[in-house]
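Here is the structure we will look at.
The values are calculated or read from the model by the stated rules, or taken from the named source; none is laboratory data. On a predicted model such as this, the values are computed, not experimentally measured, just so you know. Glycine gets a Cβ as well: all are built from the backbone with ideal geometry, and neighbour counts include every protein chain shown. Only protein heavy atoms, including side chains, enter the accessible area calculation; ligands, DNA and RNA are left aside. Shrake-Rupley method; radii C 1.70, N 1.55, O 1.52, S 1.80 Å.
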Amino acid sequence: MPEASILIVDDNPKYLKDALPFYGYKVTVANNGEEALGILQNRTFDLILLDVMMPKMDGWETLQNIRKNDKTKYVPVIMLTAVNEDQKMISGLKIGADDYIVKPFILPNLLARMEALLRRTSWQQPAKKDNNIQENSETSNKKLLTAREKEVLKLVTQGANNKEIAEKLVLREVTVKTHLNSIFKKLKVTNRTQAVLLALKTDLIS
């Protein structure tokens, strides 16, 4: 999603600060939670990348403050954490985190998660005016996919590769590729990761 404005809250932000502008993002950096909250008083952002381990104020406390503020409580937040602990992640989701990514991460993975979250947020914007719009958007996306495409996408979300999908559905691999290309086009994504994230976030395969 080009030109989206991103706030990176990290005491070691150089990698993301250097990389994200190449993908069309406008980047602002805060080196700790206190600095981030100060920036958020005067500026708005489309998404926040928030590191958990930081000096002065850690990511959890920063997230709590973001969600308490009327100006920022709806801004999507992806937590960056060096530890994959399910209990802490669940607690963070309850506080208001929208997604997690564990360090060290692969940049395409983070980009896919950012794009999916920004896309979902853009769908939700009109919902403030009409609560039926988001539901209608998801319903229309479900209708876009054929029954076979939903079967393929469901297997993709389970981690199956093209060969495994072909065997499971008794198809040729080239047919699976054709279905995947159709799915990507209909969902306006470019790869399997984005398709999986979108399917899980919007319940496309139910």
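Miscellaneous remarks
- Residues of the stretch 32-54 satisfying the condition of being open to solvent by 40 Å² or more (accessible area, probe 1.4 Å) and within 21 Å of Val102 (Cβ to Cβ): Met53
- Residues of the stretch 146-190 that turn out to be at positive phi, within 24 Å of the chain's Cα centre (by Cα) and of a type outside the set (Gly, Ala, Ser), as a count: 1
- Residues in the stretch 5-20 that are in contact (Cβ under 8 Å) with a residue 60 or more places away in the chain and either surrounded by fewer than 19 Cβ atoms within 10 Å (Cβ to Cβ) or assigned to a strand (DSSP E or B) (or both): Ile6, Ala19.
- Counting only residues that are assigned to a strand (DSSP E or B), hydroxyl-bearing (Ser, Thr, Tyr) and under 17 Å from the mean Cα position of the chain (by Cα), the stretch 26-80 holds 0 of them.
- Of the helices (runs of 4 or more DSSP H) lying entirely inside the stretch 92-206, those carrying at least 2 residues that are open to solvent by 40 Å² or more (accessible area, probe 1.4 Å) and modelled with pLDDT of 90 or more are 147-157, 162-169, 173-187.
- Tallying residues that are in contact (Cβ under 8 Å) with a residue 12 or more places away in the chain and out of contact with any helix residue (DSSP H, G or I) (no Cβ under 8 Å at 6 or more places or on another chain) within the stretch 174-187 yields 0.
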